[in-house]
Amino acid sequence: MTFQLPARSALTSDYERGVILVAIATLAWSCSGIYARLLTTDIWTAIAWRSLFGGVFLFIPSLFLEGGFSWRQWSSVFRPAGLAMIACQAISQACFIGALYMTTVANVTMIYATAPFIAAFLSWTMLKERVAKRTLIAGAICLIGVAVIVASSIGGGTGVGDLLALGMTVTFALIIVIPRMDRSVPILPSSIVSGFLTFVIFVPFASTAALDAHNWFLLAAFGATNFALAFVLFLFGSRRMPAADAALISSMEIVLTPFWVWLIFSERPPAATFIGGMIIFAAIVWHTAVDLRQSRRARVSA
């Protein structure tokens, strides 16, 4: 007597691969705080070289993704929308590293978690796109959480870092919105150019004296994994699953990033960060859960 296991559908298999890819991307993103705390360079050096390594390591897969290398695709980067995309990405990268150096990792992570809701608000106001009422409600709740975190930093020495995190979040929200304004803007080429541009802007202020083998390795790994690898894996994985599922998995970065820093470096954020973070995380989980439920209902009825 022989037993034959039921064949797994290609759809299920493809979905599971997507889950694994998005989960690995989330883990790579969650290591940003570890890299920032292990580095012993100044802010300018970290911004410059992390951006360069990120651009270099992202250039290699760009030769094979999104149709491969084409002059038409790369030339479109230098149109107005493409230049705006590059500028926002460069500012976002610089603010990101600056924020990690000047405030707690938890503050950076919690403030950054509001980016999708800011993007939804910008789409609503700039593009007149219809935005679900629950998205506006979740966004408003998130802003309350951000206000709690930032207000507690005033006079506490981390206010500048929190403002940089907010600047990073707003510019990243614009990065989400710009391709909706001009769908011809290529994502990968603009990310690569922004990495090189950020390097050119900040390397004059960088200090080569601090670049020993320890820091060279960390900066290369920071750019390769947190910038390039995570980007590519999420790009591939999110295409194999509903957007709500990908958002739910990637939201674990909010928990994991400050957790690694607490576990390894014993970095404890202030009480206000816990309160504001709980408000933000609760809003994200509620919003994502509703999206996930509606997505599954749509698949069942299809």
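The values are calculated or read from the model by the stated rules, or taken from the named source; none is laboratory data. Because the structure is a prediction, the values reported are computed rather than measured. When we count neighbours, we look across all protein chains shown, and the Cβ atoms used for this are built from the backbone with ideal geometry, even at glycine. Areas reflect the complete protein model, heavy atoms only, side chains present, ligands, DNA and RNA absent. Shrake-Rupley method; radii C 1.70, N 1.55, O 1.52, S 1.80 Å.
Below are the figures for this structure:
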{"quantity": "Accessible surface, per residue, of the chain when the full set of protein chains is kept, probe 1.4 Å, Å²", "calculated": "50 Å²"}
{"quantity": "Of all accessible heavy-atom area on the chain, the percent that carbon and sulfur account for (1.4 Å)", "calculated": "72 percent"}
{"quantity": "13 Å beta-carbon shell around GLY98, net charge (K/R +1, D/E -1)", "calculated": "-1"}
{"quantity": "Residue-averaged 222 nm ellipticity for the chain, from DSSP H runs of 4+ at -39500 (n - 2.57), nearest 500", "calculated": "-24500 deg cm²/dmol"}
{"quantity": "Range in the chain, longest, excluding exposed chymotrypsin sites (Phe, Trp or Tyr not before Pro) [loop by DSSP; at most 11 other beta-carbon atoms within 10 Å]", "calculated": "65-302"}
{"quantity": "Gaussian network model of the chain, springs between alpha carbon atoms under 10 Å - residue of SER123, SER194, SER30 with greatest fluctuation", "calculated": "SER123"}
{"quantity": "Inter-label distance for ALA140 and ILE176, nm, one decimal - labels placed 7 Å from Cα along Cα-to-Cβ", "calculated": "1.9 nm"}
{"quantity": "Separation of the PHE265 and ARG183 label points, Cα + 7 Å toward Cβ, nm", "calculated": "4.2 nm"}
{"quantity": "Coil-residue trypsin sites (Lys or Arg not before Pro) of the range 94-203, DSSP, other Cβ within 10 Å capped at 14", "calculated": "LYS128, ARG130, ARG183"}
{"quantity": "Magnitude of the charge dipole, the chain, Cβ model with Lys/Arg +1 and Asp/Glu -1, debye to 20", "calculated": "1000 debye"}
{"quantity": "Alpha carbon centroid spacing (whole Å) that separates the range 171-227 from the range 248-302", "calculated": "25 Å"}
